[in-house]
Amino acid sequence: MRTGRYALLLCLLWLGAAQASDEGARFLVEFELWLHGEVQGEPSMIVEAGQPAMVEVGGSDSGWRIEVEVERPAAYESAPDHAVWLHLAVHEQIDGEWEVLADTMLGVPEGQSGLLMVAEEGAAEPIPETSTVFLRATTSRLQSGDMPSD
């Protein structure tokens, strides 16, 4: 019985240490966004793990917005090493009203890209030029002292 308690305690300590080691981790997240077949931009942002971030482009009547939060997968999720969860939402502003076009999670290995594609029902295979939303997101963990190049 004691062995089981110690094993459980060690597992909990290990999980806590893994979460604590990611507190304050920063990621460069680079995007390529297409809406309704037209490229909108290639914004990038530095995101701290567990903290929501946003980039918004447009005026008072029209524009778009990407909301993102980076999260490390929990140990029980058996995700590949160095993978992150990206909580993503893409919004479009039309006539001053914001509409959610996509709201999802992507699993993306660090240094690689993940794709989010939304197409009309019955459309051919989604590509940037034919998608309602086409978003490519690339993540890179920043080390202490790293600054992204402009």
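Label reach from GLU129 (point 7 Å along Cα→C-beta): in the stretch 33-61, amide nitrogens under 20 Å belong to 33-42.
Each Cα pair under 8 Å and six or more residues apart adds its sequence gap; the mean of these over the residue count of the stretch 25-142 is a relative contact order of 29 percent.
Amide H contacts for GLN112 (H built 1.01 Å from N in the peptide plane; partners 5 or more residues away or on another chain; cut-off under 5 Å): THR139. Fully extending the segment from ALA79 to MET45 would add 9.8 nm, taking 0.36 nm per residue of separation and subtracting the current Cα-Cα distance.
Residues in the stretch 116-129 carry Karplus couplings, in order, of 10, 10, 10, 10, 5, 4, x, 6, 5, 3, x, 10, x, 6 Hz; the curve used is 6.51 cos²θ - 1.76 cosθ + 1.60 with θ = phi - 60°, and Gly or Pro positions show x.
In Å³ and rounded to a whole number, note down the convex hull volume per residue for the Cα atoms of the stretch 25-142. Don't skip to the end; give the middle numbers.
On the way: hull volume 13.1 nm³, N = 118.
Measuring per residue, one finds 111 Å³ for the Cα hull of the stretch 25-142.
The charge dipole of the stretch 25-142, taken about the Cα centre with unit charges on the Cβ atoms of Lys, Arg (+1) and Asp, Glu (-1), comes to about 580 debye, rounded to the nearest 20. Note on SER62 and GLU38: the model spin-label points, each 7 Å out from Cα along the C-beta direction, lie 0.5 nm apart. For the listed peptides 130-137, 39-46, a ranking on the average number of other beta carbons within 10 Å per residue, highest first, reads 130-137, 39-46.
No lab work stands behind these numbers, since they all come straight from the coordinates. Everything numeric in this text was worked out from a predicted model, so none of it was measured. Glycine also receives a Cβ, built like all others from the backbone with ideal geometry; neighbour counts cover every protein chain displayed.
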